[in-house]
Every structure is written in C-alpha cells, then in structure tokens.
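Below is one structure, written out as structure tokens; comments come after it.
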Amino acid sequence: MPLQSTYILLNYHFTNNLHLTDVMNSSKIKLWAIALFVISALQIAVVSCSDDPGVENYYTQSREYAADYLKNREQYSEYLKILDRARGEYNLRLVDMLGTYGSYTVFAPTNEAVEKYLAGRGLSSVEELSVEDCDTIALNSIIEAAYFTTDINEGPYPKSNMLEHILSVKSYQEWDAQKQDSVLTLYINQDSQVIHADDSVSNGVVHTVSTVVGSPNDLIGAVILKDANCTLYAKAFQMTGIMDTLQDHYVDPTYGWASDKDRIDSCTWTNDKMLLITADGNEYDNVAYPAKRYFNYTVFLCPDSILKEKYGIETMDDLRAKAHELYDPVFPEDAGITDETDRRNALNRFISYHVIDRYGDYYSLTCMNNDQLQYEFNRMKYDICDWYGTLMPHSMMKLSFPSGTQPGLYVNRRGVRHHADERGGYYRGAKVARPNEYTGINTALNGIFHYIDDIVAYDRNMQEVVMNDCIRMDCTTLSPDFMTKLTDGEVARGHGNGDNKVSRRLEQYVGSQQSWA
C-alpha cells in the first residue's frame, strides 16, 4: 500500500509542583529512548503492510525485450521485416507481440539465412513475399514459452510453435574447422542449425539459426513412408488400410461448442476459481474448452534389419506368415479371413496393434517424468507402468520403465527391474529406442513413431503372462484426449507436461546403460 504519514502523539502528564524545565533536564535520556522508539515504529509500519507488492515490482527490468534485441542488431534486419508484416491469428503485428510481456522462444534467422530462403523460392526481397508467407515463417519461428538449451537438448519441444506445429531439436558431435575440434551442434527440425544459443531477453530467449525454420506439414503416415528403416511395416500399413486412418483422421469435424461464449482457446483455467459469477449475478462452472479436437497417434515400428535378424522376415509374405502364426491360435475362427482391410484379418490385427490413439513421446508414456515418483515409488518391488488401448479392437498394451540393469522404456514387459516379480512372472517385451538414437524425423503434426527392438503382439504371451497381473491404470489414460496435443501444443495429462530437466537427467542415466538393441 502507499506509504502514508504516521503521527505519534506523545502525552506527558505533569504532576503538581513540577516545572517544564525540570522535566526537560531530568528526562533527556527518556526523550532519546522515545525518539528511537518512534523511528522503530515507523520502520515496522512500512514493512508490515499486508498488500506490499514486493521488491521485484519496484522497478522494470532493464534487459531488452525480444523485439528490441532483434532491432538493435543489424544481422536480423531481414527477419524483422518479416515479423513486421506478419499478423498472426489476432491481426497483431508479431514484432509488437515480441515487444511486450510474455514468454517466448524465438528462432531468429540471420540475414544470410533469409536471403538463402528467398533464393530458394526464386525471390529477391522480403517485399515479394505475401502476408501469408510472412505469417508462416514468423509463426514457425516462435514458441510461446521460453526454452533454453539447458531445458531441452534432444527430441520434440513440449509446446508447439505458433503455427501449431511440433518443433524438435537434435544434437550431433561435429567437426569445427575453425576450432579444430569436435563440438556439440544443435539442429531444429533436422536442417536449421543453431549457430548462437541462449540469448536471454526480458520476455524469453532468442536462438540464432542458420536457415529459416520450417515445419513439415506431413502427417504421421507420410513420415513413416519416408523412413528407410521400416519399409515392411510401411507396406503393411498401406495394405491393411490403417495408413488411411493415420493420414485422414487429424481434426474432428464434428467437434464444437454451444455458443461463442463457451469457447476458450486454451486447455488451462482462465483463473483460479472453480465458480464464476457474472455481472448480472448468474453463476456458471469454469470449464476450459480447447478450440479444436485433434486425433493423435503413437506408432511402434520394428526395423527391417531386426525382422530379418530375429525372424528371417524379408518380404511381405514373410511378415504375413508371422502375423498368422501369432494370431491364428488366439482367434482360430478368423484364420481364414483373407481381406487384409478386415479388422479381423491376422495382418490387420498385427499392424494395428502397433498403434495407440494418442501422442506419447518417450517420457510421457509412463509416469517416469514425474521427478518425485521415481523416488517415492518402491521400484524394488514394482516397475513404473501404464496401460493403453490400441487400434486393434479389444486389445491392451503395457508400457513400462524399469530400473536396475535394464533401464528404459519397454512395450509389454512383465517383471521387476531385471528379474521376475514376486509371483514369478517375467517377460522382457520390446525395448523402445531412446530419442537420441534417431537420425531422421520421427514426429509429425498428428503423432510420433518409435523404433522397437522386437515385434509386439496381442498373443498368448501378452494375454497369459503380461496381463496375468494386477492391472493398475492411470485414469488419464482412459481417454486419448488427455494425451492429445491441443491447440497450444500442450497435453491435458498431468505427467505428460514435458519436464525436460527431468527427462534430460533420465536421458543421461539411460544413455550410460546398455544399448536399446
């Protein structure tokens, strides 16, 4: 509260036969004591105000905002022209947005990077770009959250960029001719090198990149088709029609809201109250509605090399025979179905079982990225795990993150650490590759894929060994919408919030153990 004058009234009661001068002479020490008391009282009055804003609000930080940082450096002048023309969703100049309070990660291309981009499109200046082009470039280069390289150094960013696309970062050891040494190099979406990182600004962080950051518009099916390591699985997805599901089902066209006043473009609360009261006295529940409903997929792919090494599978006929070997004993009544688009067909069951209908990166498929759970949970007796339904009807998949000598993420594993559980059950399952073991792109607008070191199936082992256990399910796995990236790139599930500091520590720990293969 504002400091106000403090008045202290000192009342002296003089007894009979006592003169004022005598009082003054005899009370010098008392008056000094009173003065000291007054000063102390004033200090207490000032510091004890209950609504004091705090010292952090007494001044404005002197550091530059992101917009000022770019304006004050000539090497970003071409990028600034793009930001100046870009408007975004709310017809607000993005350069103005970067000059206000907020939290942003900006991947700023140099003038040389912009010129290279223009030359690739046969253009000679930024002025030849359309406003839509400027929107795409600018929105692709900004995330509405601050991520330093110490926050994430491998894999997808937990929050999408302003174009609702997922950006990912990869790190490589590369030879630096100038330094004559091997250095760690970061790339955004595989092809945009971070040449200067972590310039802190008042409203976030700026990373300088060598090329204009692009976001591929591919859906997960197209990304799988481009992957050269899993061609047999890609063909199986096409032959069974599951590829059409991965490609065609991205935005729910039936989703909407009752009226415009019900719409909230975020998955977070608008304030900290569960009940809102309007000006006219009406009450209503504070419920957040995402602007759109998306469908996401997580796909597990067994590379061709492993299929050949473990099972001698080299052709589609070989893979088809393996599917019948696994599923005909479980579903003998369907063994004769040859239409591979029929959901009861063996190959259809085989490939659809490798897909779950939500977005799951390496550390969000179990509760492993909860910093406290790994210490408060008795991992000597139980492995951290979660259960999910798959695209194969009436089936379940288990994801585990054991400790011990076999750390990492597994599909359909049973046991504790590296041995059987207290009831004698053990099944290794298929191990999932870590994020730093990919050399290509494994993310898309609507999902992500992971390499696994073995095939997974809803077979006898799964039903009679893995599932013959006490199944505890996280309630936020029951609906895929809890684990689907929303408009702002977040997920609603609590432990899927992308705690990258924890993920980075786990990555270092897991990376020091045995290889996934």
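The values are calculated or read from the model by the stated rules, or taken from the named source; none is laboratory data. This is a predicted model, so every value here is computed, not measured. Counting neighbours? That spans all protein chains shown, and the Cβs are built from the backbone with ideal geometry, glycine included. Just so you know, the surface numbers come from the protein's heavy atoms only, side chains and all, with ligands and any DNA or RNA stripped out. Shrake-Rupley method; radii C 1.70, N 1.55, O 1.52, S 1.80 Å.
On full extension, the segment bounded by Ile471 and Ala119 gains 121.0 nm, given 0.36 nm per residue less the C-alpha separation. Ranked by the mean number of other Cβ atoms within 10 Å of their residues, highest first, the peptides 122-131, 95-104, 171-180, 444-453 come out as 444-453, 95-104, 122-131, 171-180.
Measuring between alpha carbons in the structure, the pairs from Lys159/Lys310; Lys170/Lys381; Lys322/Lys398 lying more than 28 angstrom apart are Lys159/Lys310; Lys170/Lys381.
Using the heavy atoms of the protein chains and a 1.4 angstrom probe, tell me the accessible area per residue for region 304-406 in square angstrom.
On the way: 4380 Å² over 103 residues.
With the other protein chains kept in place, region 304-406 gives 43 Å² per residue.
In this label model, Asp198 and Leu92 are separated by 3.0 nm, measuring between points 7 Å along each Cα→Cβ vector. Note on region 82-200: with charges restricted to the Cβ of Lys and Arg (+1) and Asp and Glu (-1), its dipole about the Cα centre is near 80 debye. From the alpha carbon centroid of region 300-357 to that of region 95-151 is 45 Å.
The length gained on full extension between Asp318 and Gln173, counted as 0.36 nm times the residue separation minus their Cα-Cα distance, comes to 48.3 nm.
Segment Tyr101..Glu309, full-extension length gain: 69.3 nm, with 0.36 nm per residue of separation and the alpha-carbon distance subtracted. Here region 374-428 has an Rg and Dmax of 11.8, 36 Å, counting Cα atoms alone. Take the Cα of Asp328, step 7 Å toward its Cβ, do the same at Val131, and the gap between the two points is 6.4 nm. In this structure, Asn461 and Arg63 have a Cβ-Cβ separation that, at R0 = 60 Å, corresponds to a calculated FRET efficiency of about 0.55.
Lys and Arg at +1, Asp and Glu at -1: add these up for the other residues within a Cβ distance under 10 Å of Ser125 and post the number.
Within the 10 Å Cβ shell, the charges total -3.
The dipole here belongs to region 102-170: it is taken about the Cα centre, uses +1 on the Cβ of Lys and Arg and -1 on the Cβ of Asp and Glu, and is about 260 debye. What separates the Cα centres of region 224-256 and region 423-443 is a distance of 21 Å. Computed over the alpha-carbon atoms, region 302-358 gives an Rg to Rh ratio of 0.99, Rh here being the Kirkwood radius from the mean inverse distance.
Between Ala335 and Thr185, the modelled label-to-label distance comes to 5.6 nm, taking each label 7 Å out from Cα in the direction of the beta carbon.
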